[in-house]
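Notes for the one structure printed next.
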Amino acid sequence: MGDFLTIEHIDIAANEVRKHTKVRPRVGMILGSGLGPLADAIEKAELVPYGKVPGWPVSTVRGHVGQLVFGELEGQPVVAMQGRTHFYEGYDMPRLGLPVRVMQRLGIEILMVTNAAGAVNPDFEPGDLMLLTDHLNLIGMAGQNPLRGPNLDEFGVRFPDMSQVYDRKLQAVARDVAKAEKVGLREGVYVCLAGPSFETPADLRFLRGAGVDAVGMSTVPEAIVAHHGGTRVMGVSGISNKANLDGDTETTHDEVLEAGEVLVPKLTKLLRGVLRKL
Ligand code: HPA
């Protein structure tokens, strides 16, 4: 595959996936670092390993299984990506958009995208969930946008509006579910950095000053591709660690994965609740 995605690449991948499952998903889910076990809740599961799908970016990091899980959750036909790929793994931005394009070709109307993130907002604690109300596309400002290259007119316009990436109705549903189910739900702005190095204290002071609440290395490219193609997006961060604003605490991948154990049950409750209300 060259630098950019074409409709042919997308359809080759989508046609291959269709050979492995009869499920026609209405909702797509991307499960972030340590959050993959959420897919265990999916009933009548049919698995498609990423390696079987031509061009599909394969996860290389621990905490990401690397398969599509098709099935039913709360009576909805869903597909979950158990594990995702990141820019820091070496994939070009357009290629990172392929999974979302394939899910769009399979007919999803809604994308629920999750991630593990560091708390930049000092009020947030590891184990908290944060509903994304917006994102800061810093990686895009640095020249890395998944829509770079020829526009795929079949999906959306050349210059897509980004004033409401995270669907307001879905946000309202998530708030209602959190209240009813007594799941604590923070809200805020997520920023995607390239990684893989974590942030310095100076990076974090800069991000805080820019209005960021949580920092991670994913989600924004996928949300942009989804929104470009008219898919309604809901984003949730699982706060896995306090980003080291004070410079005294280290951040490790192990703590990010450990937090997943606390986060998965809460996130499962929240996403199931939203699915029930669709
Ligand atoms: N920084 C960046 N990405 C992350 C973090 C962090 O502190 N935690 C989980 N993903």
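The values are calculated or read from the model by the stated rules, or taken from the named source; none is laboratory data. None of these values were measured; they are calculated from a predicted model. Cβ placement follows ideal geometry from the backbone for every residue including glycine, while neighbour counts extend to all protein chains displayed. Heavy atoms of the whole protein, side chains included, go into the accessibility calculation; ligands, DNA and RNA do not. Shrake-Rupley method; radii C 1.70, N 1.55, O 1.52, S 1.80 Å.
Quick notes on this one:
- Picking from residues in region 139-161 that are farther than 23 Å from Gly34 by Cβ and not in a loop (DSSP other than H, G, I, E, B), the one that is least open to solvent (accessible area, probe 1.4 Å) is Gly140.
- Residue check, Ala202 touching a strand residue (DSSP E or B) at 6+ places or on another chain (Cβ under 7 Å) and more than 15 Å from Glu125 (Cα to Cα): no
- One residue from Ala142, Ala180 being within 16 Å of the ligand (Cβ to nearest atom), more than 24 Å from Ala259 (Cβ to Cβ) and not hydroxyl-bearing (Ser, Thr, Tyr): Ala142
- Applying the condition of being in a loop (DSSP other than H, G, I, E, B) and touching a helix residue (DSSP H, G or I) at 6+ places or on another chain (Cβ under 8 Å) to region 4-28 and asking which residue is most open to solvent (accessible area, probe 1.4 Å) yields Phe4.
- Failed item, numbered, when Glu125 is tested on (1) within 16 Å of the ligand (Cβ to nearest atom); (2) farther than 23 Å from Leu73 by Cα; (3) modelled with pLDDT of 95 or more: (3)
- Of all the numbered requirements in (1) basic (Lys, Arg); (2) closer than 20 Å to Leu193 by Cβ; (3) out of contact with any helix residue (DSSP H, G or I) (no Cβ under 8 Å at 6 or more places or on another chain), Arg84 misses one, and that requirement is (3).
- Selection status of Gly235, crowded, with 20+ Cβ neighbours inside 10 Å, touching a residue at least 12 places away in the same chain (Cβ under 8 Å) and under 17 Å from Leu31 (Cα atoms): yes
- Considering region 246-278, and only residues there that are over 25 Å from Val61 (Cβ atoms) and touching a Pro at 6+ places or on another chain (Cβ under 8 Å), the residue that is least open to solvent (accessible area, probe 1.4 Å) turns out to be Gly247.
Condition check ((1) open to solvent by 60 Å² or more (accessible area, probe 1.4 Å); (2) at pLDDT 95 or above) across all residues:
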position	(1), (2)
Met103	no, yes
Leu106	no, yes
Leu132	no, yes
Glu187	yes, yes
Gly195	no, no
Glu199	no, no
